[in-house]
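Note sheet for the following structure.
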Amino acid sequence: MAYRVLARKWRPQTFEDLIGQEFPAVTLRNSIESGKIAHALLFAGPRGTGKTSTARIVAKAINCERKDGGKFPCSTEQCSICEGISEGKSLDVQEIDAASHTGVADVREIIESVKYSPASARKKVYIIDEVHMLSQSAFNALLKIMEEPPEHAIFILATTEAHKVPPTIMSRCQRYDFKKIPVEKIKESLEKITKAEGIKIDTETLYLIARESEGSMRDSLSLLDQLTVSFEDRITHKDVISLLGIPDNESLKSILRAVFAKEPAKCVELVRNAASKGISPRRMAQDIIYMFRNLLYLKICGKDFTSDLSPDEKDELSELVKDESTETVELLFNVIIDGGERIRSSFYPEIVLELALVKMSTVGKVEKIDNILKRLERLSPQASGTGKTPSSPGGQTRTAERRPEKQEDKPAEKESRHVEEKGTGENEKPAKQTPASAAGEQTSGDDPVKQEIVDFVHGKDKFLAKKLAQAHLLEVKGNRVSVKFLKNGINHEKELKKSRELRKILKEMLGVERIRLDIDTINDEEINGTGGASRKPDPAEDEIVNYAIRQFDASVIKRKNLS
């Protein structure tokens with residue numbers, strides 16, 4: 001008997017034999033058993049996933065002479081119809097390759113053939129493989145016959161590119177999508193086949209073959225065929241690597257160790273060693289990218305995530321990345337992906353790969369931004385949540401210390417200072433208040449007071465503090481707080497008026513039981529004074545000057561008008 005390749009020898013013959021396509025298998029079987037099979041079916045999916053095999057199984061199941069509750073359809077020895085279809089001898093099941101029969105004339109032959117009744121089977125089945133290769137005219141010729149075929153005819157279309165099939169054809173078909181077969185299922189199937197064929201091969205090698213097939217059962221069997229011819233009945237992991245010209249796992253892990261150990265020279269050396277063995281830099285970059293994908297999955301999901309790794313490989317990679325943060329792995333993953341994209345279009349792929357690995361091995365450890373912000377908050381003197389600035393030894397607030405010493409005070413400023421000094425006697429117990437309330441009645445534009453209020457609110461509610469910070473003016477007079485927004489600027493008047501939380505925070509800040517909160521808008525004329533006459537700004541009211549005063553604990557010594 002002539003030699004048959006493993007892909008043909010182990011082709012699925014029944015619905016139970018289909019691998020990794022549970023939904024199409026169960027649905028098609030149920031529809032045939034209940035007599036509700038559609039007159040036109042479309043099988044779409046990647047190569048080697050069982051589309052044509054399923055089409056043959058459907059043809060056998062529709063015409064099978066034995067339906068006794070066993071395998072469905074029956075095995076080829078029990079039924080002449082099933083045997084004829086399996087061997088391609090049945091006159092009632094026609095397989096057409098649309099890649100080589102693309103024209104209208106080929107479709108007309110089908111239309112003429114459909115008119116005649118089946119020779120021996122119940123129904124005539126037309127299987128059109130790679131149907132997306134038909135011309136537009138051929139598709140148009142199919143429309144009528146596919147919409148209203150004779151009762152004895154069924155059309156099964158198979159394609160790897162369903163998006164190229166016209167919508168008018170797809171709307172006349174019942175569509176079934178075939179997915180890539182999981183690595184674990186391919187490995188299990190290969191294990192069964194190698195055992196039956198007497199081929200000695202270890203589990204790690206089977207995983208490697210399954211991964212290289214990229215979800216295609218036919219590709220994995222074709223590769224196994226090559227290996228059995230080259231290495232007879234005993235196949236090792238090294239044999240597969242040498243045949244395919246791919247980097248072995250140990251080399252890839254050595255590169256990862258060098259990256260995490262910050263050894264760029266070692267990375268370059270490993271890449272050059274691989275290149276000297278004829279391994280493509282593009283393939284090496286691809287494998288490193290897949291490695292980092294698995295590392296990231298391990299960091300995020302642990303060892304329970306579904307992947308194409310064997311249990312031993314998961315353990316090894318987990319050990320490799322146990323001391324690295326998720327953020328570090330993510331950053332390195334992005335660097336190698338970027339390098340892989342550049343390798344595809346580069347005339348010097350090996351150099352680009354070396355450069356990417358050097359960059360990866362010299363980058364520092366990455367830390368969560370939340371942790372950095374927490375440390376900054378602990379270091380900041382205003383992050384304690386009280387919103388109060390530290391008092392000086394004499395009892396005066398820092399706001400008072402920053403006031404100009406050599407500048408002539410205005411009457412309002414003298415009165416305000418007098419109130420402050422009067423309220424800080426040694427024998428007087430101060431009430432619960434902020435520097436803003438201690439200063440008594442405040443004038444508009446007193447930015448340090450505004451900053452102190454915003455700081456206090458920030459310790460309680462960051463979102464409210466952000467809205468308050470955008471106010472043009474904050475005034476405090478007893479238990480009354482006035483908030484003014486610019487009429488033509490950013491305005492949070494409505495939100496803050498409805499905020500009960502803001503009132504609660506301000507009560508706590510001022511130490512009062514009741515508070516009056518006035519929130520309103522002002523225009524430019526009100527800012528400049530009555531009649532729209534502008535006044536010369538005090539340096540202490542300037543936002544930038546105020547910021548400098550707060551940062552350096554400074555005071556204004558001399559004022560010079562540059563306008």
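Throughout, read-outs are computed from the coordinates displayed, never taken from laboratory work. Every value quoted in this text rests on a predicted model; they were computed, and no experiment measured them. Cβ sites come from the backbone with ideal geometry, for glycine too, and all protein chains shown count toward neighbours.
Observations
- In this structure the amide hydrogen of Leu41, modeled in the peptide plane, comes within under 5 Å of the amide hydrogens of Phe155, Ile156, Leu157, Gln174, none closer than 5 places in sequence on its chain.
- As a calculated quantity, the FRET efficiency between Lys36 and Glu327 at R0 = 41 Å, using C-beta atoms, amounts to about 0.15.
- Sorted from greatest to least, the principal axis extents spanned by the alpha carbons of region 183-244 come out as 25, 24, 18 Å.
- Listed residue pairs exceeding 25 Å between alpha carbons, taken from Lys124/Lys187; Lys60/Lys115; Lys36/Lys185: Lys124/Lys187; Lys36/Lys185
- Each part reduced to its alpha carbon centroid, region 13-27 and region 315-332 end up 39 Å apart.
- Here the residues His163, His237, ranked from fewest to most Cβ neighbours within 10 Å of their Cβ, fall in the order His163, His237.
- Simple rule: put +1 on each Lys or Arg Cβ and -1 on each Asp or Glu Cβ in region 6-177, find the dipole, and look at Asn30, Gln13, Pro150; the Cα lying farthest toward the positive end is Asn30.
- Shape class for region 1-113, computed from the alpha carbon gyration tensor (a ≥ b ≥ c): rounded, with a/c under 1.5.
- Here the simple spin-label model places points 7 Å from the Cα toward Cβ, and for Val229 and Thr168 these points are separated by 4.5 nm.
- Across region 249-362, C-alpha contacts under 8 Å between residues 6 or more apart give a mean separation that, scaled by the residue count, equals a relative contact order of 41 percent.
- With the simple spin-label model, which puts each label point 7 Å out from Cα in the Cβ direction, the Glu319 to Lys462 separation comes to 4.1 nm.
- Length-normalised contact order of region 191-249 in % [C-alpha pairs under 8 Å, at least 6 apart]: 38 percent
- Rounded, prolate or oblate (a/c below 1.5 giving rounded, otherwise prolate when a/b exceeds b/c) for region 239-375 by Cα gyration tensor: oblate
- Separation in nanometres of the label points that stand 7 Å from Cα toward Cβ, at Leu91 and Ala196: 3.3 nm
- Peptide ranges 274-285, 467-478 listed from the most packed, as the mean C-beta count within 10 angstrom indicates: 467-478, 274-285
- Relative contact order of region 6-177: 30 percent, from C-alpha pairs under 8 Å at least 6 residues apart in sequence.
- For region 134-275: rounded, prolate or oblate by the Cα gyration tensor [a/c cutoff 1.5]: prolate
- Rounded to the nearest 20 debye, the dipole magnitude of region 6-177 is 140 debye, with +1 charges on Lys and Arg beta carbons, -1 on Asp and Glu beta carbons, and the Cα centre as origin.
- Which listed pairs, of Lys450/Lys494; Lys180/Lys277; Lys164/Lys303; Lys462/Lys494; Lys180/Lys238, have C-alpha distances above 28 Å, in listed order: Lys180/Lys277; Lys164/Lys303
- A full extension of the chain between Arg500 and Leu517 corresponds to an added length of 5.1 nm, given 0.36 nm per residue minus the alpha carbon distance.
- The separation of region 119-142 from region 143-211, counted between C-alpha centres, amounts to 18 Å.
- Additional length obtainable on full extension of the chain from Lys303 to Leu243, 0.36 nm per residue less Cα span: 18.5 nm
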